[in-house]
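Just below is one structure, and these are the notes that go with it.
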């Protein structure tokens with residue numbers, strides 16, 4: 001009997017790449033002509049968030065677009081961002097908190113495992129393990145089919161496949 005092959009579905013942030021994108025954005029905000037003298041800044045807000053500040057809603061939204069461009073250039077999915085609805089006025093400036101999503105919630109893990117059960121090949125098992133999902137099967141071809149199936153469905157998460165054995 002062939003041994004079982006498996007892989008894990010995870011949603012992890014590459015913090016170093018996010019930090020690099022944030023630093024590039026901060027540098028561009030300081031140098032760009034249309035941001036000069038507006039006091040527009042971007043900075044870390046704790047471990048899992050970023051805050052953008054500016055003197056108008058338009059400047060804050062433009063700074064968010066610059067940050068998104070930097071993330072895309074660094075091959076990071078925009079699905080890791082969880083921006084607030086709109087910039088909130090705070091005194092003379094506007095602030096926009098932007099959360100960073102990491103990990104698969106149990107609800108999302110259930111959706112993914114249901115997709116695998118309903119539409120995936122027979123004999124493929126999915127187990128929820130904390131913020132990860134382990135997918136296993138006797139056939140490696142079935143695992144690749146499952147990966148393609150998950151990629152085709154648009155979950156509101158940045159998913160990666162790791163520990164392919």
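The values are calculated or read from the model by the stated rules, or taken from the named source; none is laboratory data. All figures in this text were calculated on a predicted structure; none of them were measured in a lab. Cβ atoms come from the backbone with ideal geometry, glycine included; neighbour counts cover every protein chain shown.
Worth pointing out:
- Remark: residue 104 matches the filter, which requires a residue to be farther than 16 Å from residue 15 by Cβ, within 15 Å of the chain's Cα centre (by Cα) and surrounded by 19 or more Cβ atoms within 10 Å (Cβ to Cβ).
- Residue selected from the range 14-38 under the condition assigned to a loop (DSSP other than H, G, I, E, B) and at pLDDT 90 or above, by the criterion nearest to residue 82 (Cα to Cα): 14
- Listed by position, the strands (runs of 3 or more DSSP E) enclosed by the range 50-165 that each have at least 1 residues that are at pLDDT 90 or above and in contact with a strand residue (DSSP E or B) (Cβ under 7 Å, 6 or more places away or on another chain) are 81-83, 93-100, 125-129, 132-137, 160-162.
- Test: residue in the range 80-101 that is within 30 Å of residue 139 (Cβ to Cβ) and either loosely packed, with under 13 Cβ neighbours inside 10 Å or touching a helix residue (DSSP H, G or I) at 6+ places or on another chain (Cβ under 9 Å) (or both): no
- Number of the exception - residue 75 against (1) closer than 19 Å to residue 26 by Cα; (2) over 15 Å from the mean Cα position of the chain (by Cα): (2)
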